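Trainee: Pasting a structure here, questions to come.
The values are calculated or read from the model by the stated rules, or taken from the named source; none is laboratory data. From a predicted model like this one, the values you see are computed outputs, not experimental measurements. Virtual Cβ from ideal backbone geometry, glycine too; neighbours counted across all protein chains shown.
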Amino acid sequence: MITTRDLRDRVAEWALRDDVVEKDYVLGWVLSGVGSEPALRDGWVFKGGTCLKKCYLQTFRFSEDLDFTVLPDGPIEEAEVLALLTPLEPVRFAAANRICVDLGYNGSVRRVEPLSLRIASTGALLLYATKQATREIRSYRVDRIQSIQVTTVPFSSTRPVEFSPRGQLYAPPVARRSSSSSSSTPYRVECPQCGKVFRRKKRGTKLNAHNDQSGYPCRARRGHQP
């Protein structure tokens, strides 16, 4: 992690804005992650202005992006790339061996039974798991997981565990709800703050605790019928 002092030193040395220097630092870490993953290292070819700057001409330019050419059979789908760049091997190990994981998320740790990966409509990679304390299936945005600790606590799930012991991680899109559910829940309530729409069996505008579209807690507790 770059310190504030290091950032200021480089700003003074390079005569650039601090946000430009900080972004260059982040791009370096992204390249390090790509280079440490064999499927990306061998399947992608780094090119463009940032390639010249990072590999050949250190003070040539400061680019805004990273450009790659994907070789034949190289990973190109978003789900493939997200799975490769995310440290999910401990989760895969725990799931394949039916062992619980202590998941650091949103500032707290919860013990879960990992089940599967999915890609949300927003493109976010989700981990679906059974929360051991409540037996609820919950989804967790992988990019917001703060820590993963494999425990020695076994679990026996009645739900399918989709993680394979080896090979490429599989993350299909989140399945859309069937139209039959709308007939059993004819009323809709929309949250005025985050825009989420909830189906209800009965009329009413009270909202339960929920997360917004980005996965953060929403404070609204009263909605309206769209």
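Trainee: May I ask you to list pairs of residues, at least six apart or on different chains, whose Cβ atoms are under 6 Å apart, with the first in segment 18-34 being free of Cβ contacts under 8 Å to residues at least 60 places away in the same chain and the second being in a helix (DSSP H, G or I) and β-branched (Val, Ile, Thr)?
Mentor: Asp18/Val11; Val21/Val11
Trainee: Report yes if Leu40 is surrounded by 11 or more Cβ atoms within 10 Å (Cβ to Cβ) and either in contact (Cβ under 8 Å) with a residue 12 or more places away in the chain or assigned to a loop (DSSP other than H, G, I, E, B) (or both), otherwise no.
Mentor: Answer is yes for this residue.
Trainee: Follow-up. Please enumerate the residues belonging to segment 186-219 that are of a type in the set (Gly, Ala, Ser) and either surrounded by 14 or more Cβ atoms within 10 Å (Cβ to Cβ) or part of a strand (DSSP E or B) (or both).
Mentor: Passing the criteria: only Gly215.
Trainee: Would you check if Arg177 is out of contact with any strand residue (DSSP E or B) (no Cβ under 6 Å at 6 or more places or on another chain) and at pLDDT below 80?
Mentor: yes
Trainee: Here is a further query. Confirm whether Thr69 is at pLDDT 85 or above, among the polar types (S, T, N, Q) and more than 20 Å from the chain's Cα centre (by Cα).
Mentor: The answer is yes for Thr69.
Trainee: Output the residues belonging to segment 126-159 that are of a type in the set (Lys, Arg) and assigned by TED's automatic domain parsing to the domain that holds Ala96.
Mentor: Scanning segment 126-159 gives Lys131, Arg135, Arg138, Arg141, Arg144.
Trainee: Quick check on my filter: what residues within segment 117-134 are buried (at least 17 other Cβ atoms within 10 Å of the Cβ) and part of a strand (DSSP E or B)?
Mentor: Selection gives Leu117, Arg118, Ile119, Leu125, Leu126, Leu127, Tyr128, Ala129, Thr130.
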